[in-house]
Each structure stands twice: as structure tokens, then as C-alpha cells.
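Below: one structure, written as C-alpha cells.
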Amino acid sequence: MSLRTPSRTALASVLVVATLGAASDHAAGAGDADCGFGTFGSGRWPASCWRPYGPDSPFNRVPPDPTPVPNSQAIVDRVLAMGPIADMVVAPDTASDWFHPVYYSAPTDPLFSIRCTGQVGQCEVEGMTVRIPDAARPAGGGDAHLAVVDQSSGWEYDFDRVQDKPAGGGTLTVSWGGRTRIDGDGLGSDATAAHFGLLAGIIRAQEMAAGQINHALFMMVGCTAHAYLYPADGFAYDCADQTDAPAVGQYFWLQMTDTEIDALDVPDWKKTILRALSRYGAFVGDTGGNEAFTFQFESGSTYTSFGVEDPMAAFAREQTAGVTERDGGYEFDLGSGVDWRNRLRVLDPPAPS
């Protein structure tokens, strides 16, 4: 739910098993160039060894000195008072899907010219051309996000509120859009409030199956201060009361060791998320309504667009705790079993690379 600013299966189960299995086998190789980038596409989705952006991206760096800021507890308390910690909902192709679908283009894909309907002159990708798989579609929620990675040029194109994508190519009509280098810092795009790339911080099914997430997380909160901090570059939905409200880009971190996380009476899938939060942290990238906070899965439309079952749905069905099936989708209970008030911290922004 971005506030724009002018500053700038089913697939055969063997495929699901093969994709997720490859992720598990290569979990130690996060960010490696040999994880298949350049060959990604339908049926050849990235394994867990791959992560977007370069090693100097704030999403790929471990904080060297995770010392909380002086008002850390006040900000955490304010966030937790905004509402419940929201479940992470797997519901591709429905109005409940506010996540980010990601597509990888090939030279044979249809060519689209980008038309932005937001503030005239402020959309950096206006008039650019980009190849997008014909089957690709935006997420079903109101933000209607869509990201496409051009593996030949190394550019990630990000779109907000996709309004029209004609079959076979033509004019792609969006409200806003931007782009960022897939081998860069993942910043400076324009499809989220923070101007992060749409791949930044999203959790993929391959990572969940591998039990390892090698990057910081994209965090949504109920509302924010009218301020932003690096690595963000834009405003979101302002809190009516600005007292101790988090800024866009605010850097959160879980002060727990792996041993402490392993000792929690929570499902393994939640421990995977907690370990990422305790190692890399999370950045506020947007606002989401009457909630304290939540994180972002990759949109299942990434897969269902091609007639393939969302592997996160397949992963959800395998879970014996913490996941509820509802209305054809799945809800991952993020909030329970963690002492968020006494363990969640706010750190100083990382230094720009």
C-alpha cells in the first residue's frame, strides 16, 4: 500500500520436489554467480543458493555492530501497539495477495513499452521497453505489483498497480515503476514506498524448504513517521500520532542467538525466518493497515501464471504446526511463540556502500 512521492500442484510434484531439493543441496552458496542466473525462467526458478543484488547491498550485509538505538524500545512498543502481528498469507491470484511476483525474461518474450499514469515526468521507466513473459501477471491485491528481471542486461524492472498488460506485447500501463541493478544494491526503484526493488527481502519457498534465508527481510508495518532513513528513499502511510513511529527504512533486528531460537517451541519454518531476522535483520519497506508488522513471501503468481502450483502452498501443506488452511489459501502464524517486545530491536541504519 504505497504512498507515491514525486522524489524521483498444479505442476507435477516432481518439479516442486526438484526445485525445492536443489535449494536444499546448495544452501551454503548464497549469492554465488554459479547458481544459474541467466538461465532462470518457467520451470527453472532460482534455488535457495541464489539471492538478488550484490554483496554490498544492505539486504545482503550482516550488521557489524548490532547495538540498539537509544529509543529502540519505544519504537518497538509503538509498532506492537498498532495491532496484531499479521499472518503471512499464501493466496495467489486473489485480492489477498499483496506480495511481489517475480518473472525472468528471455530474448524471445514479447516486448512492452512502459506507460506510467502517476505524476507526469516522475516515472523513470516511462517509455522504456522491456521483454516480459506473455503469461506473467501482477499480484491479485490492490498494489498489483509485478517485477521482471532482464537477465541479459542485468536490470530488474519493478511495477506498481499494473493496469493493463496486453497479450503478445504492446503498452504496459502501470501507475508507477522503476528499475534497479540485479547485481547492485537493490535500491532506487519506484514500486514500493521505500523505493526498494521488488525482489528485496522477499522470502521464497526454496529458501523455506532449505531452512536458510541469506538476506534481510522486507517488513511492513501499520503506519510510519513522516520520515525515511537509508536505505529507503520515500514516504509511506503516516501515523496520525507520530510519537515513536518507525521511519520508512527503519532497521529492525532480533536479538537472539541460534541456540535460543532452536530452543523455542515454534515450528521449524518459523525458526528459519527468525534466524534470518537475527542475522540480517529487516527493513521497513511499506505499510499494510491495522497490523503491527509482517514480512513478505514471494507472490505465488510467479508460478501459477504458468499453470504451476505455488511451491509455498505445497510447502504449507507439509507443515504440521503454525499454518492454517483457510478459503483455499494458507496462513502462516508469525506472531506466536516469540517474545517480540523483549527481543526485537531497532538498529542504526547501515552505512551506504
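The values are calculated or read from the model by the stated rules, or taken from the named source; none is laboratory data. Keep in mind the model is a prediction, meaning the values are calculated, not measured. Using ideal geometry, Cβ is built from the backbone for each residue, glycine included, and neighbour counts are taken over all protein chains shown.
Quick notes on this one:
- Residue list for region 282-306, filter: closer than 19 Å to residue 343 by Cα and assigned to a loop (DSSP other than H, G, I, E, B): 291, 292
- Unique match (being among the charged types (D, E, K, R), surrounded by 16 or more Cβ atoms within 10 Å (Cβ to Cβ) and not in a strand (DSSP E or B)) among 331, 309: 309
- For region 133-164, the set of residues classified as more than 20 Å from the chain's Cα centre (by Cα) and more than 17 Å from residue 183 (Cβ to Cβ) consists of 133, 134, 135, 163, 164, listed by residue number.
For (1) over 17 Å from the mean Cα position of the chain (by Cα); (2) crowded, with 24+ Cβ neighbours inside 10 Å; (3) assigned by TED's automatic domain parsing to the domain that holds residue 64, each residue gets a yes or a no:
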site: 213; (1), (2), (3): no, yes, yes
site: 219; (1), (2), (3): no, yes, yes
site: 228; (1), (2), (3): yes, no, yes
site: 240; (1), (2), (3): yes, no, yes
site: 253; (1), (2), (3): no, no, yes
site: 258; (1), (2), (3): yes, no, yes
site: 266; (1), (2), (3): yes, no, yes
site: 275; (1), (2), (3): no, no, yes
site: 284; (1), (2), (3): no, yes, yes
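- Per-region count, region 172-210, residues within 16 Å of residue 128 (Cβ to Cβ) and among the acidic types (Asp, Glu): 1
- If you go through region 97-131 and keep only what is touching a strand residue (DSSP E or B) at 6+ places or on another chain (Cβ under 7 Å), part of a loop (DSSP other than H, G, I, E, B) and among the aliphatic types (A, V, I, L, M), you end up with 106, 125, 128.
- Filtering region 189-200 for residues that are outside the structural domain of residue 116 (by TED's automatic domain parsing), surrounded by fewer than 24 Cβ atoms within 10 Å (Cβ to Cβ), not basic (Lys, Arg) and not in a loop (DSSP other than H, G, I, E, B) leaves an empty set.
- For the residues 181, 204, the requirement of being among the charged types (D, E, K, R) and over 29 Å from residue 314 (Cβ atoms) singles out 181.
- Filter pass, residue 15 being aliphatic (A, V, I, L, M), buried (at least 20 other Cβ atoms within 10 Å of the Cβ), closer than 19 Å to residue 310 by Cβ and modelled with pLDDT under 95: no
- Single residue of region 237-261 satisfying the filter (among the hydroxyl-bearing types (Ser, Thr, Tyr) and in a loop (DSSP other than H, G, I, E, B)) that is farthest from residue 226 (Cα to Cα): 257
- Conditions (1) assigned to a loop (DSSP other than H, G, I, E, B); (2) crowded, with 20+ Cβ neighbours inside 10 Å: number failed by residue 94: (2)
- Exactly one residue among 211, 168, 188, 184 is small (Gly, Ala, Ser) and either within 18 Å of residue 297 (Cβ to Cβ) or touching a helix residue (DSSP H, G or I) at 6+ places or on another chain (Cβ under 9 Å) (or both), and that residue is 211.
Yes/no matrix, rows are residues, columns are (1) exposed (fewer than 14 other Cβ atoms within 10 Å of the Cβ); (2) closer than 17 Å to residue 157 by Cβ; (3) β-branched (Val, Ile, Thr):
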site: 60; (1), (2), (3): no, no, no
site: 65; (1), (2), (3): yes, no, no
site: 89; (1), (2), (3): no, no, yes
site: 106; (1), (2), (3): no, yes, no
